[in-house]
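What follows is one structure encoded as structure tokens, with my remarks underneath.
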Amino acid sequence: MNFITLEPEQFREYAQKSPYKSFYQTPEIAKLRENSGWTPYYFGVESSGKLLAASMVVAKPAFLGKSIYYAPGGPLLDFEDADLTGFFMKNLKSYAKSHNGYIVHIEPYYELVERDRHGEIIEGGFNHQKALNNLKNAGLIRLPKSDEPKYSFVLDIKDHTAEQIFADMKRNTRNHIRKAEKMGVKIRELKREELGIFKQITESTSNRRNFTDKPLSYYEQMYDLFHGRGEVMFMLAEVEGQLEDTISKHLRGADSQNYNGHGRESDTEISGRVRLSRCDSDDREPSTLRNGTSNCKTPLSAAMFMLYGDEVIYLFSGSDEKYMKDYNAQYLIQWHMIKYAVEHGFKRYNFYGIQGLPDKSSKDYGIYDFKKGFTSDETGRVTELIGAHELPVNMIFYQLHKLLSKLKH
């Protein structure tokens, strides 16, 4: 086996065929990192002219002039192959050491154990404990936390029609989707110049839920890097026309119904929300956008999706809290993209991160429950990755950095 450097397109060709591929392991993400001061490298292991493993790695001075080497979503290799794992990590460490590195950090897109929809380990399913052992034997230390989600929730759409998937959803989820459609919610893709709408929604959501949002420049760069390749979509759910008329049409009358199980609502409850939702006057809500001279469009919810390899990944999103209960737009965006994934031949729909294994006592359990509602026991499952690992390169700097970090914490 030989440890070699690769050109970006050589790496791309290998990565697109790898069963462990991740959009984080792409020349586009390398460029994104490069814009933030990182230097990208591409490494591979070849034998008899065939690539057996590869990784995009970025490096950046991080501690007393020494650099961290980082493989986001990688390396792309079979970690159950002890010889290949050991050879790759030994040579990557050697390269980092000779180029002023003090640590190598990896976060492979590699599943550890097979779990069901409820997070329980499937008896007789795959278990890649050997991969963890091989990483440990190669000198890597498993970290308690990762930059990227260790646990995610996915929907298997291979060999399933959209009709089958919809029928298998939780009844409440189907009702929310139908309600959004009846309320006139429309889904469309945002153009680059409209990403400010997306940022406005995600920023308000991050403030409400106390998490850090990405800057607008990040979303713009992701659009520039991936959209031309058909690998990113920014979707918006909105209502056109006078919101007062929309609510009156669908919530007033004999067949009006609240799908949250509370029965019909009074005119007082409805009119209270109508006043909050109006956008046909000069004092309309700041989140509304004027469309022409007599109509308006009100953004309700927005989401960013990566389309890479065999999966569609639901990456970032936000919703206007004022309209979540009435319109359920966040459900319709998911359904729209699930149908898109089925129609375009993707094998799975990745709802992405959940905060740990399902636990009803957790404050974030609702995130898992929302995602689970789109699946059945047959199509949904929790995924668990092997997690983040680090490989000390310069032990003196590594130990000093760990000590200072602990003292600072």
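No value in this document is a laboratory result; all are computed from the given coordinates. Remember, predicted model here, so these are calculated numbers, not experimental data. Positions of Cβ are backbone-derived with ideal geometry, glycine not excepted, and every protein chain shown enters the neighbour counts.
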Quick check: the distance between the Cα centres of region 42-96 and region 207-237, to the nearest angstrom?
28 Å
Mind sorting Glu7, Glu107 by how few other Cβ atoms lie within 10 Å of their own Cβ, fewest first?
Glu7, Glu107
Pick from Leu132, Leu64, Leu236: which is most flexible by mean-square fluctuation in a GNM of the chain where alpha carbon atoms under 10 Å apart are linked?
Leu64
Put in order of increasing Cβ neighbours within 10 Å, starting from the fewest, Ile106, Ile68, Ile313 give Ile68, Ile313, Ile106
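Rounding to the nearest 20 debye, state how big the charge dipole of the chain is about its Cα centre with +1 on each Lys and Arg Cβ and -1 on each Asp and Glu Cβ.
In total the dipole reaches around 940 debye.
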So for Glu13, Glu311, fewest C-beta neighbours within 10 Å to most, what's the order?
Glu13, Glu311
Tell me which GluC sites (Glu not before Pro) from region 368-399 have a DSSP coil assignment and no more than 15 other beta carbons within 10 Å of their own.
Glu378
Give me the Kirkwood hydrodynamic radius of the chain in Å, from all C-alpha pairs, to one decimal place?
23.4 Å
GNM of the chain, Cα pairs under 10 angstrom: of Thr39, Thr375, Thr202, the biggest fluctuation goes to Thr39
So which lysines can Lys325 reach, going by Cα to Cα under 20 Å and dropping same-chain residues fewer than 8 places off?
Lys170, Lys179, Lys182, Lys186, Lys249, Lys297, Lys363, Lys371, Lys372
Under a Gaussian network model of the chain whose springs join Cα atoms within less than 10 Å, the largest fluctuation of His389, His160, His336 belongs to His160
Rounded to the nearest 500, what is the 222 nm mean residue ellipticity of the chain from helices alone, with -39500 (n - 2.57) per DSSP H run of 4+ residues and division by all residues?
-11000 deg cm²/dmol
Let me make sure I get this right: for region 80-223, a, b and c are the square roots of the gyration tensor eigenvalues over alpha carbons, sorted descending. Under 1.5 in a/c it's rounded, otherwise prolate if a/b > b/c, else oblate. Which is it?
oblate
